[in-house]
Amino acid sequence: MSDVTREGLRGARPGREGTTGMNTGPGGTAQPARRWRRKSRAEAPMVPDAAFTSYYGKPILNQPTWEPADIAGYLFLGGLAGAGSAIAAGAQFTGRPALARTLKCGSAAAAGLSLAALVHDLGRPARFLNMLRTIKPTSPMSIGSWLLAGYAPLAAAAAASDLAGRLPAAGTTATTAAALAGPAVATYTAALIADTAVPAWHDGYRYLPFVFAASAVAAAAGLGLAGAPLHENEPVLRLGVLAGAAEIITEKVMEKRMGLPGQAYEKGRAKKAGDLARAVTAAGVLVAAVAGRRRRATAAAAGVALVAGSALTRFSIFYAGLNSAEDPKYTVVPQRQRLEARAAQAGHPA
């Protein structure tokens, strides 16, 4: 019998050390191993495909802890303020003082309330001031904080000069500067929420700026319709009709093209707010187009509907984000689809 010792193998029998991949024939001679012939039918997988899950059924993402009234209100008010300043400048330069005054005052108030909502959600004013200590071009929050901090005083100065009738040159300068910053103020919040990991926001980064822009213009036009006389409201009447229709269309296109994360807009409070937003906005567009030129009360009603529809759109987007953060499938499935697409493009299986 052979034995393994410290000095090595003792008493080894002939043919003990077989050659890898070789069979031993009669007499201990090595022969080539027979190759395994693959059967014609496909090999059946022994392990089923893994289903997405998370530890103990917990969400993969932490849900945003923001208050709906603060953040959805911040998104809406910022859009109203920015678009309102841009339209106010156009109204002033085309000889529509009442429309310009309405939008200047509305934009100043909306900017102040938007800033207050942001500070309230942060907890204390010092946290907002800390964001102004540096400028980070790659951070939408940093750029947005500086935009809002610079825009709000300009909007307030433009409104104050118009109301007091003093310093018209300074008021015109503030109006122009606020109008130039207005488009960025109205849309930077789209980049802000799309820069998060929340699937219903992040996966809509191509469409959210268009949704926010259309919604902001619809709200500002609605404010002008509600506050301006009939002989001055023709521009905002047309803007309200076009922007309201664009808001409905772009929001639905975004939901469809986002794929799976778009389903988060069709659940719970997001669906209720979205359906109501589309109904109210469509009513505002219809009333403005059919009867907005006839009576001041009708135009005002259409304007209020456009403003309300814009606000409800922001709440719908906010609640959809909460839905998508709560359910792991909105995070896992799109990630797997992207990995499979990259693997297929590279020419090897995922």
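What to note about this one:
- Options 285, 236: the member that is touching a residue at least 60 places away in the same chain (Cβ under 8 Å) and among the β-branched types (Val, Ile, Thr): 236
- You will find that of 282, 291, 297, 277, the residue that is modelled with pLDDT of 95 or more and either of a type outside the set (A, V, I, L, M, F, W, C) or surrounded by fewer than 17 Cβ atoms within 10 Å (Cβ to Cβ) (or both) is 282 and no other.
- Selection count, the stretch 141-175, where residues are closer than 16 Å to residue 97 by Cβ and touching a residue at least 60 places away in the same chain (Cβ under 8 Å): 5
- Candidates 261, 183 - the one that is under 24 Å from residue 317 (Cβ atoms) and at pLDDT 90 or above: 183
- Single unsatisfied condition, residue 322 versus (1) more than 26 Å from residue 110 (Cα to Cα); (2) surrounded by fewer than 22 Cβ atoms within 10 Å (Cβ to Cβ); (3) touching a residue at least 40 places away in the same chain (Cβ under 8 Å); (4) not hydroxyl-bearing (Ser, Thr, Tyr): (1)
- Subset of the stretch 282-317 that is of a type in the set (D, E, K, R) and in a helix (DSSP H, G or I) - its residue that is farthest from the chain's Cα centre (by Cα): 296
- Filter result (crowded, with 24+ Cβ neighbours inside 10 Å and among the hydrophobic types (A, V, I, L, M, F, W, C)) within the stretch 180-192: 185, 186, 190
- Residue-level check: of (1) of a type outside the set (D, E, K, R); (2) closer than 28 Å to residue 67 by Cα; (3) modelled with pLDDT of 90 or more; (4) crowded, with 23+ Cβ neighbours inside 10 Å, residue 308 misses just (4).
- Test: residue 252 is within 15 Å of the chain's Cα centre (by Cα), surrounded by fewer than 24 Cβ atoms within 10 Å (Cβ to Cβ), more than 17 Å from residue 102 (Cα to Cα) and at pLDDT 90 or above: yes
The values are calculated or read from the model by the stated rules, or taken from the named source; none is laboratory data. From a predicted model like this one, the values you see are computed outputs, not experimental measurements. Cβ coordinates were reconstructed from backbone atoms using ideal geometry, including for glycine residues, and neighbour counts include every protein chain displayed.
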